[in-house]
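Have a look at the structure below before the remarks.
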Amino acid sequence: MPITVKTHRSPVVEAAASLLERQILQRCGKDSLNTAAGDVNLVLAVQPDIGKEGYSIANTEAGVIRIAGNDERGLLYGVGKFLRTSRYTGGIFTPGSWRGTSVPEKDIRGIYFATHFFNYYHRAPIESVERYIEELALWGCNALGVLFAMHHYTGIDDTRARDMLDSQRAFCRAANRAGISPALFLIANEAYSTSPEALRASAHGAYGVELCPSKPGAVDLMLKWREEVFAEFADAGIGYVCLWPHDQGGCECPQCSPWGGNGFLRISEPVARLARRYFPGVKVILSTWWFDTHQTGEWAGISKVFEKRPDWVDILMADSDKGKFPAYPLTHGSPGGLPMLTFPEISMYGTYPWGGWGANPLPRLLQGIWESARDRTGGGFAYSEGNFEDLNKVLMLQWYWDSKRDPMDTMREYCAFEFSPEAAGELARAAELMEKNNAHKWVVDDTTKQRIAKVAHADIAAEVEACVTRAET
């Protein structure tokens with residue numbers, strides 16, 4: 001089954017052709033392919049009248065299926081749709097019957113890799129993560145976030161820091177090859193473990209090494225460190241820099257409070273301007289994570305400062321880990337009239353340790369959060385701790401593509417591709433049921449032995465098992 005490329009063979013086009021061939025060969029298990037439809041020719045092309053990053057799949061003549069993208073990314077996404085709607089049974093490839101045109105609704109369809117918690121991204125072989133990045137691209141992912149978490153290290157030359165930088169640059173290179181724009185996330189006032197004690201912040205929930213931007217010399221030191229990090233990623237094709245206020249990060253001294261509308265902005269602006277010097281064309285994203293959670297007045301403070309739209313911020317990011325979108329921007333609008341992104345937390349809801357209980361599909365929870373803000377946002381980055389929430393990533397990526405898509409439809413398409421079309425309905429139902437049992441936690445009791453804090457509902461577990469059993473027959 002020949003694959004013909006009728007466009008300039010850029011790295012992204014090469015990735016589209018390579019992924020198409022590789023996925024079919026891997027799934028059919030043969031070096032030379034047979035097709036259930038006789039001779040089939042696949043033609044890959046670019047057709048710049050479809051719509052930004054959109055694609056079209058059509059039969060152009062007998063035995064010819066044309067997958068066209070409006071641009072290189074669109075071509076890759078069209079290949080993904082074609083692969084997902086095709087069948088692979090007993091070494092026989094059956095081309096998918098889906099024909100039509102599809103154009104993404106949201107501009108930014110991103111995943112953020114939390115790379116520093118000894119999870120999949122941190123410990124898996126780099127080649128495995130690179131392949132995973134390519135698979136996300138097939139679902140329409142066009143942005144990938146990484147964070148160099150400074151507080152773990154003594155400085156930029158710490159051996160562990162060098163290892164982390166090497167892996168994150170590899171992820172960025174893999175993203176670029178797959179048409180994904182890398183995003184560098186930074187905690188606004190984060191510091192190394194050896195930071196000067198005299199310059200440290202008064203912060204909540206922090207590692208205790210962050211710096212206070214109101215103390216003389218602290219801003220200069222932080223800018224020096226940020227420049228070192230930017231230099232490490234100078235050739236990584238960084239498309240976004242995202243500045244973060246809370247978790248670790250923040251300062252509660254009188255000169256910095258309320259942090260989100262005061263000290264955070266004073267350190268973020270020079271970092272943003274430095275980023276623009278290092279990464280031409282970069283978009284600066286300002287996060288509002290945990291605003292008004294520990295200190296009141298952060299949303300009101302940033303709104304007052306941004307009464308005149310700032311020239312150093314391009315996009316705001318707003319979401320929370322509390323199971324709902326923040327109320328302030330829904331009621332008052334985005335500060336400065338800036339476009340907004342979401343940051344759904346798809347890994348941690350309901351369970352601990354994250355990833356310790358296997359897959360955690362959350363279609364209804366995520367749908368509720370998404371629907372509250374979908375008409376006010378231009379996409380987002382889903383927070384990810386690993387590949388155990390692969391289905392949650394796909395749900396978010398597909399909502400960024402089509403904001404009103406039924407999550408069950410997405411899950412059936414996912415299950416048809418990952419398992420088989422015949423099993424898709426039962427497995428999608430099993431995933432839907434699994435959300436009701438997403439409440440497992442390990443705790444340490446008085447004898448220091450681990451136990452389950454909350455057990456599954458046995459009746460739901462039995463129904464999930466029945467769905468899977470039927471899918472296997």
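The values are calculated or read from the model by the stated rules, or taken from the named source; none is laboratory data. Source: prediction; values computed, not measured. All Cβ positions, even for glycine, are placed from backbone atoms using ideal geometry, and neighbour counts span all protein chains on display. SASA here: full protein model, heavy atoms, side chains in, ligands and nucleic acids out. Shrake-Rupley method; radii C 1.70, N 1.55, O 1.52, S 1.80 Å.
Could you give the C-alpha radius of gyration of region 314-473 expressed as a fraction of 2.2 N^0.38 Å, taking N as the number of residues it contains? The partial results should precede the final answer.
Details: Rg = 17.5 Å, N = 160, 2.2 N^0.38 = 15.1 Å.
Dividing the Cα radius of gyration by 2.2 N^0.38 Å gives 1.16.
Evaluated at 4 °C with a viscosity of 1.567 mPa s, what Stokes-Einstein diffusion coefficient in µm²/s does region 277-355 have when Rh comes from the Kirkwood expression over alpha-carbon pairs? Taking Rh from Cα pairs, D becomes 93 µm²/s.
Annotation: per residue accessible area for the chain equals 41 Å², rounded to a whole number [probe 1.4 Å, protein chains only].
If you place +1 on the Cβ of every Lys and Arg, -1 on the Cβ of every Asp and Glu, and leave all else neutral, what size is the dipole of the chain about its Cα centre, to the nearest 20 Debye? In total the dipole reaches around 560 debye.
Considering Cα pairs under 8 angstrom that are at least six residues apart, work out the relative contact order of the chain and quote it in whole percent.
12 percent.
Inter-part distance, region 45-61 to region 371-436, computed on C-alpha centroids, equals 25 Å.
Restricting things to Cα coordinates, could you compute the convex hull volume per residue of region 206-259 in Å³?
Cα-based convex hull of region 206-259, divided per residue, equals 96 Å³.
In region 115-215 the Cα-Cα distances spread across 10 Å bins starting at 0 as 15, 39, 27, 16, 3 percent of all pairs.
Using alpha-carbon pairs under 8 Å, 6+ residues apart, how would you state the relative contact order of region 163-218 in percent? After rounding, I find 24 percent.
Applying 0.36 nm per residue to the separation of residue 166 and residue 221 and subtracting their alpha-carbon distance, the gain on full extension is 17.4 nm.
For region 172-326, pairs of C-alpha atoms spaced more than 25 angstrom apart make up 29 percent of the total. Stretching the chain fully between residue 406 and residue 276 yields a gain of 42.9 nm (0.36 nm per residue, less the alpha carbon separation). With all protein chains in place and a 1.4 Å probe, the accessible surface of the chain carries 50 percent carbon and sulfur. Overall size of region 1-155 from C-alpha positions, given as principal axis extents largest first: 64, 37, 24 Å. Under 15 Å from a point placed 7 Å out from the Cα of residue 41 along the Cα-to-Cβ direction: which residues of region 1-31 have their backbone N that close? Under 15 Å, as judged by backbone N against the label point of residue 41, lie 1-7 of region 1-31.
Projected label points at residue 375 and residue 466, each 7 Å from Cα along the beta carbon direction, are separated by 4.0 nanometres.
What pairs from 224/441; 283/404; 81/436 go past 32 Å between their alpha carbons?
Among 224/441; 283/404; 81/436, the Cα-Cα distance tops 32 Å for 224/441.
Its alpha carbons considered, region 113-162 gives a radius of gyration followed by a Dmax of 12.9, 38 Å. Determine, at each q value in 0.19, 0.25, 0.28 (inverse angstroms), the log₁₀ of I(q)/I(0) that the Debye formula gives when each Cα of region 234-310 is one equal point scatterer. Taken in order of the listed q values, log10 I(q)/I(0) reads -0.79, -1.15, -1.32.
Listed by chain and number, the aspartates and glutamates whose alpha-carbon sits under 12 Å from that of residue 215, ignoring those within fewer than 8 places in the same chain, are 197. With kT/(6 pi eta Rh) evaluated at 37 °C and eta = 0.692 mPa s, and Rh the Kirkwood radius from Cα pairs, the chain diffuses with a coefficient of 138 µm²/s according to Stokes-Einstein.
The overall shape of region 83-139, judged from the alpha-carbon gyration tensor, is oblate: a/c is not under 1.5, and a/b is no greater than b/c.
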